[in-house]
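Notes for the one structure printed next.
Taken together, the values in this text are just the output of simple stated rules run on the coordinates, not laboratory data. Model, not experiment: these values are computed from the prediction. Note: ideal-geometry Cβ built from the backbone for every residue, glycine included; neighbour counts use all protein chains shown.
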Amino acid sequence: MRHFEDDPTLTDLLDPGQIARLEASLAGLGLTQARLAAERSDGALPVEFNLETVAWLSANANRNLVEKAAELVSFVLFFVAKYRLAANLHHDTTEASYAELQRKHEALQESEARYRDLSDQLQEQVREQVDTIQKAQQELYESAKTRSVGQLAAGIAHEINNPVGFIQSNLKVAGDYLDDLEKKLPQDEATRELLADFRDLLSESLDGSRRIATIVSDLKTFSSIDHAEYTHCNINDLVRAAIHLLKTCHSDRQLTIDERLGELPEIPGNPARLSEAFYNILDNAARAIDDEGRIIVKTATDNSGNIAIVVQDNGCGISPDEREQVFDPFFTSRPVGSGTGLGLTVAQDTVRAHKGLIKLESREGTGTRVTLLLPRGN
């Protein structure tokens with residue numbers, strides 16, 4: 001904004017658009033071809049401001065009317081100048097206040113920077129202590145959980161395998177006896193229906209005993225109580241065992257799981273920890289879907305021969321804020337008491353221990369996909 005004291009020009013007071021509007025207004029008052037210019041032309045009358053000529057007014061009208069119009073324009077320019085003067089004064093005052101505020105702000109920033117450095121140092125020390133505590137808690141939790149599952153599987157295998165074997169053997173013998181009885185019983189409709197029902201009962205009982213045996217086998221695979229800490233792992237077998245256990249743990253609902261397991265080479269690893277990682281990811285997917293939801297589990301090898309395990313669901317998804325924290329120890333979006341917040345943390349640590357990579361992609365309201373990449377090894 002140009003500053004002026006007593007010598008403004010026409011363009012200082014009015015811009016071209018305003019001049020045009022003023023000329024149009026004068027034309028509306030009867031001054032045809034009214035023109036306001038900074039330079040004098042023939043027949044033009046002066047427009048004065050503070051006894052100085054700032055413009056020249058010409059029009060196709062009675063000279064007396066043009067004179068009155070020139071006085072009117074001078075009157076208007078007087079108040080325009082007052083407004084500009086007030087605006088300039090306000091601008092100067094504001095600029096001075098702003099400069100003073102900037103100086104104070106810079107001083108405050110310097111002080112804040114010193115305190116921030118001190119706060120960062122303290123925060124880093126606290127973070128290191130918290131990380132140490134969390135790592136110790138996590139290692140303790142992993143060790144206790146793996147040991148508990150192993151002990152549970154060992155106990156179940158020992159206590160249930162023999163009785164289940166007896167039950168299966170006796171049910172098969174009962175089926176043979178039923179065949180013998182059928183030959184000696186009357187061949188009427190009631191007897192045939194009774195024998196058919198009896199066979200159905202035996203068949204269902206056999207299926208139940210096989211299911212118990214499968215659960216025990218899956219628990220043994222999950223905890224790997226029959227293997228050393230590191231051995232050659234069949235990833236598909238571990239994934240299937242984790243899926244079977246998942247269905248058992250969620251037996252109160254019908255889970256739709258689409259298994260797309262490709263041919264994979266065996267890789268060296270810790271089967272107990274890998275099984276736990278697969279189960280944790282599958283359990284998260286199961287909790288994210290409703291009764292209409294679906295889980296897809298895929299395994300394959302990439303161009304480098306490394307193994308990819310993908311668990312994808314069409315559940316509730318994860319919000320952007322929570323996505324940044326899902327691998328943090330003890331972070332959980334479930335209600336208090338419903339989760340430890342270590343599932344994905346344990347899975348990430350397990351994959352890293354196997355020199356692999358875990359990646360999570362999610363969109364809120366659409367679903368989540370977790371990809372594990374494990375190197376083939378030697």
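Computed extension gain for SER251 through SER304, at 0.36 nm per residue and net of the alpha carbon distance, reaches 15.2 nm. Note on GLU71 and SER97: with the Förster distance fixed at 41 Å, the Cβ-Cβ geometry gives a FRET efficiency of about 0.55. Available extension along the chain between SER25 and ASN234 is 66.1 nm, counting 0.36 nm per residue and deducting the alpha carbon span. Put a dot 7 Å past the Cα of ALA174, heading toward its Cβ, do the same for ARG352, and the two dots end up 5.4 nm apart.
Spacing of the modelled spin labels on SER41 and ALA136, each 7 Å from Cα toward Cβ, amounts to 9.4 nm.
Here the simple spin-label model places points 7 Å from the Cα toward Cβ, and for VAL126 and PHE166 these points are separated by 6.2 nm.
Using 0.36 nm times the number of residues separating ARG114 and ASP200, minus their current alpha carbon distance, what extension gain do you get? That pair, ARG114 and ASP200, stretches by 22.8 nm at full extension. For LYS355, the aspartates and glutamates whose Cα comes closer than 20 Å to its Cα, not counting residues fewer than 8 places off in the same chain, are GLU139, GLU142, GLU229, GLU266, GLU276, ASP302, ASP328.
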